[in-house]
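Student: Encoded as structure tokens, here's the structure I'll be asking about.
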Amino acid sequence: MKTLTTAVAFAATFITPAFADEPFALTSSDVAEGQTLDNKFVLNGFGCEGGNTSPALAWSNAPEGTKSFVVTAYDPDAPTGSGWWHWVAFDISAKVTSLDQGAGSVDGAMPEGAIQSRTDFGATGFGGACPPPGEVHRYVFTVHALGLEKLGLDENASAALVGFMTGANSLGSATVTAVYTR
């Protein structure tokens, strides 16, 4: 009996943590890690002709103590010296674990209480990919788990300010990075 008890305890040591400590994860039925964005997620403007639709995103295993989420889409390869913010949404309730395709678009339906602030396009809501011709750019979709319910900002907040407040209150983040070229 002692051998069986020892074997069970030994197995539990190696098996239980794998299930108990699942990492915070972001997934999408529309965007795959390292894959090219579909044209529906490309800007309709600046010389690009896409659908300008935000992708569906879903997250799981948020860190303990999560009280809200921030969702961003960022192009670190934009030729600006500081990248390009394509989407900034915050004050998303901790009860929310996904955003439907198009939620961040002009006529989209964000969850109640969520705020979309200014992107580098100068407007609120999602702005699709549109790199200079011939360049391959990365588009980093990130969900941040925060330890507070509200950032205390509004739709006029810059992406940099939202980023600062997010960093100061982050419990963790998860990303999916896609690429696009034209």
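The values are calculated or read from the model by the stated rules, or taken from the named source; none is laboratory data. These figures come from a predicted structure and were not determined experimentally. Positions of Cβ are generated from backbone atoms using ideal geometry, with glycine treated the same way; all protein chains shown enter the neighbour counts.
Condition check ((1) at pLDDT 95 or above; (2) in contact with a helix residue (DSSP H, G or I) (Cβ under 8 Å, 6 or more places away or on another chain); (3) among the basic types (K, R); (4) part of a loop (DSSP other than H, G, I, E, B)) across all residues:
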{"residue": "G104", "(1), (2), (3), (4)": "yes, no, no, yes"}
{"residue": "G108", "(1), (2), (3), (4)": "no, no, no, yes"}
{"residue": "D120", "(1), (2), (3), (4)": "yes, yes, no, yes"}
{"residue": "A145", "(1), (2), (3), (4)": "yes, no, no, no"}
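Student: Has the range 146-153 got at least one residue that is under 14 Å from the mean Cα position of the chain (by Cα) and crowded, with 17+ Cβ neighbours inside 10 Å?
Tutor: Yes - at least one qualifying residue is present in the range 146-153.
Student: Examine the range 75-92 for a residue that is in a loop (DSSP other than H, G, I, E, B), among the hydrophobic types (A, V, I, L, M, F, W, C) and either at pLDDT below 95 or crowded, with 22+ Cβ neighbours inside 10 Å (or both), and state whether such a residue exists.
Tutor: Among the residues of the range 75-92, not one is in a loop (DSSP other than H, G, I, E, B), among the hydrophobic types (A, V, I, L, M, F, W, C) and either at pLDDT below 95 or crowded, with 22+ Cβ neighbours inside 10 Å (or both), which makes the answer no.
Student: Any idea how many residues of the range 131-167 are among the aliphatic types (A, V, I, L, M) and over 24 Å from E112 (Cα atoms)?
Tutor: 2
Student: Kindly list the number of the only condition in (1) part of a helix (DSSP H, G or I); (2) under 14 Å from the mean Cα position of the chain (by Cα) that fails for Y139.
Tutor: For Y139, the exception is condition (1).
Student: Looking at T177 and the list (1) surrounded by fewer than 18 Cβ atoms within 10 Å (Cβ to Cβ); (2) assigned to a helix (DSSP H, G or I), which single condition is not satisfied?
Tutor: (2)
Student: Could you say whether any residue in the range 74-83 is on the phi > 0 side of the Ramachandran plot and in contact with a Pro (Cβ under 7 Å, 6 or more places away or on another chain)?
Tutor: At the first step, the residues of the range 74-83 found to be on the phi > 0 side of the Ramachandran plot are 81, 83.
Narrowing the set further to residues that are in contact with a Pro (Cβ under 7 Å, 6 or more places away or on another chain) leaves 83.
For the range 74-83, residues on the phi > 0 side of the Ramachandran plot and in contact with a Pro (Cβ under 7 Å, 6 or more places away or on another chain): present.
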